[in-house]
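The values are calculated or read from the model by the stated rules, or taken from the named source; none is laboratory data. Quick caveat: nothing in here was measured; it's all calculated off a predicted structure. Please note: Cβ atoms are built from the backbone with ideal geometry, for glycine as well, and neighbour counts cover all protein chains shown.
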Amino acid sequence: MTVLPLEGIRIADFGQIIAVPYTAQMLAWLGAEVILIETQERLTTRIWPPFAANEPGVNRSGGFNMVNSSKMSCTLNLRDPKGVALAKQIISVSDIVVENYSSGTMQRMGLGYEDVKRLRPDVIYLSLGAFGRTGPMKDLVGFHSVINLFSGLASVTGHKGSHPRIMGGLFPDAFSGCYCILSLLEAIYHRANTGQGQHIEVAMTEALGTLIPEAVMEYTLDGTEPKRVGNRHKNKAPHNVFRCLGVENWVAISVENDAQFKALAQVSGNPRWVSDTRFANPEARLSHQGDLEPLIQDWTSGLHVHDVVGRLQKAGVPAGPVLDSAQVLVDPHMVARGFVQSPDHPEVGPRPLGAFPWAVDGGQPGIARAAPLLGEHNQKVIQELLQVPDDEYTRLLDSGVIS
C-alpha cells in the first residue's frame, strides 16, 4: 500500500495492558498517527517481564513492545492539573480517544466522554472494560481469566468429565481489540457521512460471548448444555492431536467422512481399519475413539510431523502441524505472506512480531517503526503539535508535569 487508509487520523491512546494498546497499534499500522499518553505513576506493561536479554528496563519489555509499535510516546503527570490540561490539548487536536482504565477513572480526571465532547464535538471516543461501562457489573475489575470464564467460553473448553479450561495466552485481549477496531472503523465512516462523533463502549465478556454461537443455539433450541470434549469433536472422528517423532512435535488430524477415513487408513498402511466394524462409519468411529486414537498414535509417533502432514494432505485428509510461538515466527509460509515482521528497536534491536493477518492486493502495510522509548516524542507532541514555547516546556519538565 502506498497510501494507507487512515492517514490523517490522529488517536489519543490512553490504553493499558493489551486490549486497547493492540487496537491502537493496528490502527497505527493502517496509517493513523497514534499518541500514546503515558504516566510514570502507571507504567504497567513497561515494567512487566519478559525483558530483552533478561535485563529489566522501561524500554525492554516484550509485553509492551509487542502491542505499541508505530506509536509516539508522550509522558504526562495525569495527577497534576497541568498534565491533564496538556492531555486535553492533545485530545482537542485528535480524531479518536481510546481508553480502558477502570470505570470512572477518565471521568475523575476530567477526561470522560462528556468532558472531551466539549473540547471536540465530533470526537470518536472508545471505552473498553471487562464488563462494559453500563450495567450492574460495570465497576468490577476483570482480567483475561475472569473474562474467559464469565463469557461462557470456558464452559465448552476442557476435557470430558473435567473442569472448565481457560484458553492460554492473552486471547480475550487481542480478540476484544479486533471488535474495537471494527467499531472504530464504523465510527470513522459514520462521522465522514454525518459529521457526528460517537461514544463506543466495548465489553470484553460480550466480545468473547460471540465465540460460542453453536452452544447458545443448542441451548435455545432444546435446552441442551454442550458437553466438553477436549480436542475431540461431537460429529467427527478421529479429531485430535497425535504425537510425532521428536520432543513436543504434534500433528492435528480431523476426519469428516468415510472417504477421508479410507484415505487415512491407506496412507498409514492400515487398510483393514475400513472393514473393522468399530470404524465402519462416522457413528461407529465416534463411539470407538478410544480404540482408534492409539492406532493412529502408533503410526504418527515414528514419523516427523511434516512427513505426516505431507502424506495426509496429499491424500485429501485435513491435517496440520501444531506450532509453538517460535515455530510460527520462522514458518516459511507465515514469513512468505509478510505476517512476520521485525521492526528495529533502538534499545533491544530487531524483534519479530506478528503483523496483519490479511493482505490487500497481494501486500501488507509494513510496521513503520518499533515501539517508542518512554517519553521519546515529548518534544514532538508538546512543542511541535501543541506549539508550547521553549521556556514553558522547560518549566513543565522541571515541575514534573512532563514526567
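Screening Tyr125 against (1) in contact with a Ser or Thr (Cβ under 9 Å, 6 or more places away or on another chain); (2) crowded, with 18+ Cβ neighbours inside 10 Å; (3) closer than 24 Å to Ser176 by Cβ leaves a single unmet condition, (1). Output the number of residues of region 148-189 satisfying the condition of being closer than 15 Å to Ile212 by Cβ and either among the hydrophobic types (A, V, I, L, M, F, W, C) or part of a loop (DSSP other than H, G, I, E, B) (or both). The total comes to 15.
Can you say whether Arg285 is more than 30 Å from Pro357 (Cα to Cα), basic (Lys, Arg) and crowded, with 16+ Cβ neighbours inside 10 Å, as far as the supplied structure shows? Criteria met by Arg285. Residues in region 147-161 that are farther than 19 Å from Glu201 by Cα and not small (Gly, Ala, Ser) were compared, and the one that is surrounded by the most Cβ atoms within 10 Å (Cβ to Cβ) is Leu153. Only residues that are β-branched (Val, Ile, Thr) and at pLDDT below 95 were counted in region 241-291, giving 1.
Scan region 265-294 for residues that are among the aliphatic types (A, V, I, L, M) and touching a Leu at 6+ places or on another chain (Cβ under 7 Å) and jot them down.
Let us first name the residues in region 265-294 that are among the aliphatic types (A, V, I, L, M), namely 265, 267, 274, 280, 284, 286, 292.
Answer for region 265-294, where residues must be among the aliphatic types (A, V, I, L, M) and touching a Leu at 6+ places or on another chain (Cβ under 7 Å): just Val267.
None of Glu225, Glu218 is surrounded by fewer than 19 Cβ atoms within 10 Å (Cβ to Cβ), outside any helix (DSSP H, G or I), modelled with pLDDT under 95 and under 29 Å from the mean Cα position of the chain (by Cα) except Glu225. Taken over region 229-282, the criterion of being more than 27 Å from the chain's Cα centre (by Cα), surrounded by 13 or more Cβ atoms within 10 Å (Cβ to Cβ), not in a helix (DSSP H, G or I) and not acidic (Asp, Glu) is satisfied by Lys236, Ala237, Pro238, Phe242, Arg243, Cys244, Leu245, Val255, Ser268, Asn270, Ala280. Could you tell me whether region 312-325 includes any residue that is under 30 Å from Pro357 (Cβ atoms), surrounded by 12 or more Cβ atoms within 10 Å (Cβ to Cβ) and of a type in the set (Asp, Glu)? Within region 312-325, not a single residue is under 30 Å from Pro357 (Cβ atoms), surrounded by 12 or more Cβ atoms within 10 Å (Cβ to Cβ) and of a type in the set (Asp, Glu). Contact annotation: residue pairs with Cβ atoms under 6 Å, 6 or more positions apart or on different chains, pairing a residue in region 193-214 that is within 17 Å of Thr134 (Cα to Cα) and in the same structural domain as Ile181 (by TED's automatic domain parsing) with a partner that is charged (D, E, K, R) and surrounded by 12 or more Cβ atoms within 10 Å (Cβ to Cβ), are Glu201/Arg133. Scanning region 347-373 for residues that are at pLDDT 95 or above, part of a loop (DSSP other than H, G, I, E, B) and out of contact with any strand residue (DSSP E or B) (no Cβ under 6 Å at 6 or more places or on another chain) turns up Glu347, Val348, Ala371, Leu373.
If you go through region 369-403 one residue at a time, how many are touching a Gly at 6+ places or on another chain (Cβ under 7 Å) and without any contact (Cβ under 8 Å) to a residue 24 or more places away in the chain? Break it down stepwise before answering.
Filtering region 369-403 for residues touching a Gly at 6+ places or on another chain (Cβ under 7 Å) gives 401.
Now narrow it down to the ones that are without any contact (Cβ under 8 Å) to a residue 24 or more places away in the chain: none.
Residues meeting the conditions: 0.
Restricting attention to region 248-273, the residues that are at positive phi and touching a residue at least 40 places away in the same chain (Cβ under 8 Å) add up to 1.
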